[in-house]
Amino acid sequence: MAYRKTPAELRRLEAARDHLVACATTVVAEVGWDRASVTAVADAAGIAAGSVYQHFPSKTALAVEVFRRAAGREVEVLGEVLAAPGAPVERLGRGVRVFALRALENRGLAHALLAAPAEPAVGAERLDFRRRYRALFASVVREGIADGTLPEQDGEITAAALTGAVGEVLVDPLGAPGGTSAEALLGELTALALRCAGAPAP
C-alpha cells in the first residue's frame with residue numbers, strides 16, 4: 001500500500017512552504033529577482049539550500065509563486081476598493097490612490113512586481129496580472145459611463161491606459177526614492193487617472 005501523508009504532515013509541509021515563500025518575498029523586495037538566489041532565500045528561511053527543492057522544483061517555480069501571491073494580494077485589495085460603496089468616479093480615484101500608496105509603503109516589493117528585470121516566467125505572470133488590474137478598472141469605468149458621470153468611451157482602452165500610466169508613474173519613485181513627496185505624487189496620480197477617464201474637474 002502506498003504511503004499517504006497524514007493531515008498533520010500535510011499541514012507542516014504547507015506551513016514550511018508558506019514560510020519559504022514569505023522569506024523569498026522579503027529577499028526579492030530587498031535585492032530584486034536577479035539576486036534572490038536559492039541560497040539567499042534558504043539562508044533567510046534558516047534551511048539548507050537543498051531543502052528549497054523539497055517544496056519547489058526550481059528557482060523559477062519559487063519566483064512565480066512569490067509573484068502570484070504578492071500580486072494577487074494587490075489585485076484583491078484593489079478589487080475591494082473599487083467594489084466598495086460610492087460613486088464610480090470616487091471609487092476610481094480611491095482605487096488608484098490606495099494602489100499607489102501601498103506601493104510606496106513597500107517600495108522594494110512593488111518595484112519587483114511592477115518593473116524590475118525578471119526571468120520570462122515572471123514576466124508572463126506580470127502581463128497576466130496587468131490584465132486583471134485592467135479588468136477591475138474597466139468595470140468601474142463602465143459603471144461611470146452607465147450613470148452618466150463619465151463620458152462615452154471604450155472602457156477597456158481607458159482601463160489599459162490607466163493601468164499603464166499608474167505603473168509608469170510609479171517606476172522611478174519606487175526604484176529611486178526622492179524628489180516629489182509621496183502625498184504630492186498621490187495627488188497628481190489620482191488627478192491624472194480621473195482626467196484619463198474623463199471625470200469632471202472637482
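The values are calculated or read from the model by the stated rules, or taken from the named source; none is laboratory data. Owing to the predicted nature of the structure, the values given are computational and were not obtained by experimental measurement. Every residue, glycine as well, gets a Cβ built from its backbone with ideal geometry; the counts of neighbours run over all protein chains shown. Only protein heavy atoms, including side chains, enter the accessible area calculation; ligands, DNA and RNA are left aside. Shrake-Rupley method; radii C 1.70, N 1.55, O 1.52, S 1.80 Å.
If a/c stays under 1.5 just call it rounded; otherwise compare a/b with b/c (prolate if a/b is bigger, oblate if not). Do that for the range 150-198, with a ≥ b ≥ c from the square roots of the Cα gyration tensor eigenvalues.
Because a/c hits 1.5 or more and a/b fails to exceed b/c, the range 150-198 counts as oblate.
Using Rg/Rh (Cα atoms, Kirkwood Rh) as the read-out, say which of (i) 0.96; (ii) 1.03; (iii) 1.07 was calculated from these coordinates.
(iii)
Would you look at the GNM of the chain, springs on alpha carbons closer than 10 Å, and say which of ALA159, ALA42, ALA100 moves the most?
Its mean-square fluctuation being the largest, the pick is ALA42.
Working out 0.36 nm times the residue gap between VAL75 and ALA48, then minus their Cα-Cα distance, what length gain in nm do you get to one decimal?
Details: separation 27, 0.36 × 27 = 9.72 nm, distance 3.30 nm.
Contour length minus the Cα-Cα distance gives 6.4 nm.
Compute the Rg to Rh ratio over the range 47-104 from the alpha carbon atoms, using the Kirkwood formula for Rh, and round to two decimal places. Each step should come with its number before you reach the end.
On the way: Rg = 17.1 Å, Rh = 13.6 Å.
Reported Rg/Rh, Kirkwood definition of Rh: 1.26.
Please give, to one decimal in nm, the separation of the simple spin-label points placed at ALA146 and ALA16, each 7 Å out from Cα toward the Cβ.
Placing both labels 7 Å along Cα→Cβ, they lie 4.9 nm apart.
Using a 1.4 Å probe and counting only protein heavy atoms, arrange LYS5, LYS59 so the residue with the most accessible area comes first.
Putting LYS5, LYS59 in descending order of accessible area: LYS5, LYS59.
Note down the relative contact order for the chain as a percent, whole number, built from C-alpha pairs under 8 angstrom at least six residues apart.
It rounds to 22 percent for the chain.
To the nearest 10 degrees, how steep is helix 7-35 against the longest Cα principal axis of the chain, on a 0 to 90 scale?
On a 0 to 90 degree scale, this one is about 60.
Measure nothing but the geometry: give the 0 to 90° angle between the long axis through the Cα atoms of 155-175 and the longest principal axis through the Cα atoms of the chain, rounded to 10°.
The angle comes out near 60 degrees.
About the Cα centre of the chain, what is the dipole size in debye to 20, counting +1 per Lys and Arg Cβ and -1 per Asp and Glu Cβ, all else neutral?
About 600 debye.
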